[in-house]
Every structure is written in structure tokens, then in C-alpha cells.
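Let me begin by presenting the structure, written as C-alpha cells, before commenting on it.
The values are calculated or read from the model by the stated rules, or taken from the named source; none is laboratory data. Quick caveat, the model's predicted, so the values are computed rather than measured. Note that we place each Cβ from the backbone using ideal geometry, even for glycine, and neighbour counts take in every protein chain shown. These area figures cover heavy atoms from the full protein model, side chains too; ligands, DNA and RNA do not enter into them. Shrake-Rupley method; radii C 1.70, N 1.55, O 1.52, S 1.80 Å.
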Amino acid sequence: LIWENIFDNLGLGSALSGATILDVGCGCGNFTDNMIQLAQEKSLLLTLVDFPEVMDALRSQYSQAELGSDISLIAGAFPDGLDADFLSTQRFDYILMYNMIQCSGQPLELIRAAASLLAPYGCLFVGDVPNVNRKGRFLSSAKGRVFDAAYKKLAIEQLPVYTSHEDFVTRCQVGNASVND
């Protein structure tokens, strides 16, 4: 349901072959899988940006051959951790910033930086789902568990198992898990 909302509100249904998309804070979950599939199906030029650990996880999930030459993975915090040339020369038809604004201490600056990368008549979609702990939904998914284990350098069996976002929140509230894990 969320992917359909993003797809519709960003206007990706009308994206033409060769259109450029920037996904800031892409993560390595189902949304990113959907975006990669869409880019491949419609011959879109997709740039995914997130922290180095996330890009490493994506590189372990997808080979460069699977991604093709039209999908770029850029590791770095947006915007300050990106190459100045990238920020001064790139323009995008579509920019997605979903479920990452909450992680910033300067959300307005993030939005301004993204807007400065829009091509003429481009579309910027900024969305966030209220998520009191910022990661419950992700950690309750199979991909989230694999990523968290690799990030923490632990065996997956050493991590708590959360059945849902609500389970994570409940357990954090009663002290069985730490939101800083």
C-alpha cells in the first residue's frame, strides 16, 4: 500500500524511458527492490543514496551486472557526505525522500538540498511514516534482520526476533529491547 502511494504521488507511472530518479536514504528493503525493478522495466536512470553500510548491503544483494549501467549506488550521508561535483552537476526528474527525514536534525536543509537537484518540472516526494523508534518495521523484516546482523557483526541468531513493528515498540516500551540497538 505504501509503495503504491509513493508510486502514484511521485508520478512514476508516467515516467518515460531515460527519466532520472534520485532516492535519498533508500535503505535496502522492499521499497528499494521495487524501485530497482521499476527502473529496469521502464529503462529509468536510478541513483540510490544512503550510508555506506546500506550501500554495502545492497551490493551484497545485487551484483553490478544485475543492476546494469542505469542504476548507481552512492554511499554517503545526504547532502554533506556526497561529492560536491555530484551536487553541483546532477539534476533529477524525480526525487524520493521517504522515511528518512525523521533521522535528521536539520530536515529543512535536507529538503532544500534535494529541491536544488530537481530538473525543471521535476517532482520531489517527501514522506514519513510516524515511527516512534525509527526502525521497528525494518527490524521485523527478513532483510532488516540480515542487515542488522551484518551491521552489528553478529550471527542472526543472536538478534531478537520481532514479529511486527508493534512487537518491537511494545518490547522497547517494557525494556526488553533498546531503541538504540
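Matching residues to (1) of a type in the set (A, V, I, L, M); (2) open to solvent by 20 Å² or more (accessible area, probe 1.4 Å); (3) under 23 Å from Arg91 (Cα atoms):
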position	(1), (2), (3)
Thr20	no, yes, yes
Met35	yes, no, yes
Val49	yes, no, yes
Pro52	no, yes, yes
Asp56	no, yes, no
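Select the helices (runs of 4 or more DSSP H) contained entirely in region 1-102, then report the ones holding at least 2 residues which are out of contact with any helix residue (DSSP H, G or I) (no Cβ under 9 Å at 6 or more places or on another chain) and among the small types (Gly, Ala, Ser).
Fully inside region 1-102 and qualifying: 84-89.
Cβ-Cβ below 6 Å, separation at least six or inter-chain, first residue in region 145-170 and in contact (Cβ under 8 Å) with a residue 40 or more places away in the chain, second in a helix (DSSP H, G or I) and among the acidic types (Asp, Glu): which pairs?
Pairs that qualify, where the first residue is in contact (Cβ under 8 Å) with a residue 40 or more places away in the chain and the partner is in a helix (DSSP H, G or I) and among the acidic types (Asp, Glu), are Tyr151/Glu53.
Got a sec? Which of Leu48, Leu12, Leu108 is in contact with a Leu (Cβ under 8 Å, 6 or more places away or on another chain) and at pLDDT below 95?
Numbers: Leu48 fails: at pLDDT below 95; Leu108 fails: in contact with a Leu (Cβ under 8 Å, 6 or more places away or on another chain).
That would be Leu12, the only listed residue that is in contact with a Leu (Cβ under 8 Å, 6 or more places away or on another chain) and at pLDDT below 95.
Quick check: is even one residue across region 125-139 crowded, with 16+ Cβ neighbours inside 10 Å, at pLDDT 90 or above and not acidic (Asp, Glu)?
There is at least one residue in region 125-139 that is crowded, with 16+ Cβ neighbours inside 10 Å, at pLDDT 90 or above and not acidic (Asp, Glu).
Give the number of residues within region 91-107 that are more than 15 Å from the chain's Cα centre (by Cα) and crowded, with 16+ Cβ neighbours inside 10 Å.
First, the residues of region 91-107 that are more than 15 Å from the chain's Cα centre (by Cα): 91-93, 105-107.
Going one step further and asking which of them are crowded, with 16+ Cβ neighbours inside 10 Å, we end up with 92-93.
So the count comes out to 2.
Return yes when Leu73 is surrounded by 16 or more Cβ atoms within 10 Å (Cβ to Cβ), in contact with a Ser or Thr (Cβ under 9 Å, 6 or more places away or on another chain), within 23 Å of Ala149 (Cβ to Cβ) and in contact (Cβ under 8 Å) with a residue 24 or more places away in the chain and no when it is not.
On the way: surrounded by 16 or more Cβ atoms within 10 Å (Cβ to Cβ): yes; in contact with a Ser or Thr (Cβ under 9 Å, 6 or more places away or on another chain): yes; within 23 Å of Ala149 (Cβ to Cβ): yes; in contact (Cβ under 8 Å) with a residue 24 or more places away in the chain: yes.
Taking the combined requirement at face value, the residue satisfies it.
Looking only at region 142-181, which residues are among the polar types (S, T, N, Q) and either closer than 18 Å to Val54 by Cα or at pLDDT 80 or above (or both)? If you could, list the steps in order and put the result at the bottom.
Within region 142-181, the first condition is being among the polar types (S, T, N, Q), and the residues that meet it are 158, 163-164, 170, 173, 176, 178, 180.
Scanning region 142-181 gives Gln158, Thr163, Asn180.
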